[in-house]
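J.: Let me begin by handing over the structure; questions about it come next.
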Amino acid sequence: MASVEEQAPAAAAAEREIAVENPATGQVIAHVPDLGADAVAELARRGRAAQPAWEALGFEGRGRVLRRAQRWLLDNAERVIETIVSETGKTWEDAQAAELAYGASAFGFWAKQAPRYLADERVRSASVFVKGKRLVLRYRPLGLVGVIGPWNYPLTNSFGDCIPALAAGNSVILKPSEVTPLTSLLLAEGLRESGLPADVFQVATGRGATGEAVVDAVDMVMFTGSTETGRRVMARAARTLTPVALELGGKDPMIVLSDADLERAANAAVYYAMLNTGQTCISVERVYVEAPVYDAFVAKVTAKARRLRHGVPAGPGSVEVGAMTHAPQVDIVERHVEDARSKGARVLVGGAREARPGQWFEPTVLADVDHDMTIMREETFGPTLPIMKVADADEAVRLANDSPYGLSASVFSGDAARGEAIARRLEAGSVCVNDALVNYYALELPMGGAKASGLGYRHGAGGIRKFTQHQALLVSRIHPRRDVHMFPYRPFTTRLFTRVLRLLYGRGRRD
Ligand code: NDP
């Protein structure tokens, strides 16, 4: 493996270094450069210089590189998983299913779908001004895209958006979280070995200031992270009128109706709340259960959560819940649990930070919570499952929507049609019925947040078109030397035009 310094091309220009820790052990495992604005500007210069040749390769040439990268990812699966586990503290399975599998499918998906989603579109117009002309909508790469990512999924949520950005013909600078830069550097190596031309993909390691420098230097920003930082990124991008897409925080509700299959609902609640130690933007963050099944549901969830093995990931199948990735996040989880406890919530499982090296919080189940508690209002982003009793479905919908966030949601009901009707009333970018979160793997479906959870979409056609300029082309092949609407203006043609307008549009109703 190349050294971290070799992988970060602008290392020489870095003023400082960042120590990368394994959050499951607290040990420092690497150092990466903390790039300043000048170093980022240099990356941008190189990225722009490399972009035209990359664009000129066309969909087929770019697709070939992306398919080779897909193969590289699987050939190097163990190394990729080990790198992710070492810098996030997550379990082997969380790295395999939600990161490696996602990355492998995304390389193939965008290689195959980019030509379809970005094909020129022939447009027909009703306007008399353009009769006989060829109208085309073309998706033109923006040039240099900046992707800024969080620490919870360094491959899926940080590197993942780089794939469609590259497939569209852009150069990319990826600014990973300072907490988890190693996966991005490893993937840069993978892309190089897969034949990606130099400087088309570059990694800008650093902290928030490096992210700001990326915002200043690129033609479009794809940001994934907290709502608070998303607002800062958008404000900064406004200075240069740089377009942004934002994938932000969430407080995803699960609704369990009294006719639900409680066993499935409880399994889903525990899994989708504790997956990745609860550090998933679309994890189940709060549960509303109809009164008749509340006690039974709480009992099932409690029994299942007690059985979770929690500890340092030591290879496949060793634990279900790993460490927390980012130290300040443990403080947030502790604050939310303590606030709930002090206001009368019952802590049925876990409920405490663990005193051992690294960042640890116990898988935690809370019952008898309500909306006066922070844990039901603010994003916790940890291994917590607060469960609230509601009178009926209407109350569940009202409380689910009583949030500034609107990322994802789920509804459990024995009657799928009833579940879907409730899903349609929820203010969320995506809603699953008798399921949660797996919509993320359907790359054909748009994924994006409502309200304070984001702006724009990843996945689907919108997930790649956002990396392009929607360029309108009009080509006139057969035409007179002078069109009737051109100078000079004459009374006859003006009156004629009035009659034509009446003929075309004068038939509307006059109520
Ligand atoms: P942050 O908002 O703290 O950071 C995200 C990225 O932005 C990091 O790379 C960070 O760098 C960088 N950054 C920080 N300040 C600035 C700035 N002023 N300008 C530009 N970039 C900056 O988020 P977290 O890393 O804590 O990630 C957790 C959050 O991400 C949660 O709220 C979660 O819900 C959300 N998320 C949303 C997803 C979605 O798809 N909607 C998916 C995954 C996570 P550094 O880390 O070095 O400070």
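The values are calculated or read from the model by the stated rules, or taken from the named source; none is laboratory data. Everything quoted here is computed from the prediction, not taken from an experiment. Ideal geometry is used to build each Cβ from the backbone, glycine not excepted, and the neighbour counts take in all protein chains shown. Surface accessibility is based on the protein's heavy atoms, side chains included, excluding ligands, DNA and RNA. Shrake-Rupley method; radii C 1.70, N 1.55, O 1.52, S 1.80 Å.
J.: Consider GLY47 carefully, then state whether it is within 23 Å of LEU275 (Cα to Cα), of a type outside the set (A, V, I, L, M) and either open to solvent by less than 20 Å² (accessible area, probe 1.4 Å) or more than 24 Å from the chain's Cα centre (by Cα) (or both).
T.: no
J.: Going by the conditions given, is ALA391 in contact with a strand residue (DSSP E or B) (Cβ under 6 Å, 6 or more places away or on another chain) and touching a residue at least 24 places away in the same chain (Cβ under 8 Å)?
T.: In short, no.
J.: Can you find, within region 157-167, the residue that is nearest to the ligand (Cβ to nearest atom) among those that are farther than 16 Å from LEU185 by Cβ and assigned to a helix (DSSP H, G or I)?
T.: Applying the filter and picking the extreme gives ASN157.
J.: Restricting to region 131-154, name every residue that is closer than 17 Å to GLN202 by Cβ and either of a type in the set (D, E, K, R) or within 13 Å of the ligand (Cβ to nearest atom) (or both).
T.: Listed by number, the residues that qualify are GLY146, VAL147, ILE148, GLY149, PRO154.
J.: With respect to SER194, is the statement that it is more than 10 Å from the ligand (Cβ to nearest atom), polar (S, T, N, Q), open to solvent by 20 Å² or more (accessible area, probe 1.4 Å) and at pLDDT 95 or above true?
T.: no
J.: Sort out which residues of region 129-156 are assigned to a helix (DSSP H, G or I) and either charged (D, E, K, R) or crowded, with 22+ Cβ neighbours inside 10 Å (or both), and write them in order of number.
T.: Result: PRO154, LEU155, THR156.
J.: Kindly state which helices (runs of 4 or more DSSP H) lie completely within region 245-354 and contain at least 2 residues that are open to solvent by 10 Å² or more (accessible area, probe 1.4 Å), within 16 Å of the ligand (Cβ to nearest atom) and closer than 17 Å to GLY89 by Cβ.
T.: The qualifying helices (runs of 4 or more DSSP H) are 327-342.
J.: Residues in region 215-242 that are crowded, with 17+ Cβ neighbours inside 10 Å, away from the ligand (no atom under 13 Å from the Cβ) and part of a loop (DSSP other than H, G, I, E, B): how many?
T.: Matching residues across region 215-242 total 1.
J.: Please verify whether region 112-128 includes one or more residues that are buried (at least 22 other Cβ atoms within 10 Å of the Cβ) and either assigned to a helix (DSSP H, G or I) or free of Cβ contacts under 8 Å to residues at least 12 places away in the same chain (or both).
T.: Yes, because at least one residue in region 112-128 is buried (at least 22 other Cβ atoms within 10 Å of the Cβ) and either assigned to a helix (DSSP H, G or I) or free of Cβ contacts under 8 Å to residues at least 12 places away in the same chain (or both).
J.: Here is a follow-up. Kindly list, by first and then second residue, each pair from a residue in region 313-341 that is closer than 17 Å to TRP151 by Cα to a residue that is among the small types (Gly, Ala, Ser) and away from the ligand (no atom under 15 Å from the Cβ), limited to pairs with Cβ atoms under 7 Å and residues at least 6 apart or on different chains.
T.: The qualifying pairs are GLY322/ALA24; ALA323/ALA24; ALA323/GLY358.
J.: Check off (1) near the ligand (Cβ under 9 Å from one of its atoms); (2) touching a Gly at 6+ places or on another chain (Cβ under 9 Å) for ASN170 and give me the number that stays unchecked.
T.: Every condition holds for ASN170 apart from (1).
J.: Please enumerate the residues belonging to region 15-29 that are in contact with a helix residue (DSSP H, G or I) (Cβ under 8 Å, 6 or more places away or on another chain) and surrounded by fewer than 19 Cβ atoms within 10 Å (Cβ to Cβ).
T.: Residue satisfying the conditions is ILE29 alone.
J.: For region 68-92, what are the residues that are farther than 12 Å from LEU182 by Cβ and open to solvent by 70 Å² or more (accessible area, probe 1.4 Å)?
T.: Hits for region 68-92 are ARG68, ARG71, LEU74, ASP75, GLU78.
J.: Identify, by number, the condition in (1) touching a residue at least 60 places away in the same chain (Cβ under 8 Å); (2) of a type outside the set (D, E, K, R); (3) on the phi < 0 side of the Ramachandran plot that ASN276 doesn't meet.
T.: Unmet condition: (3).
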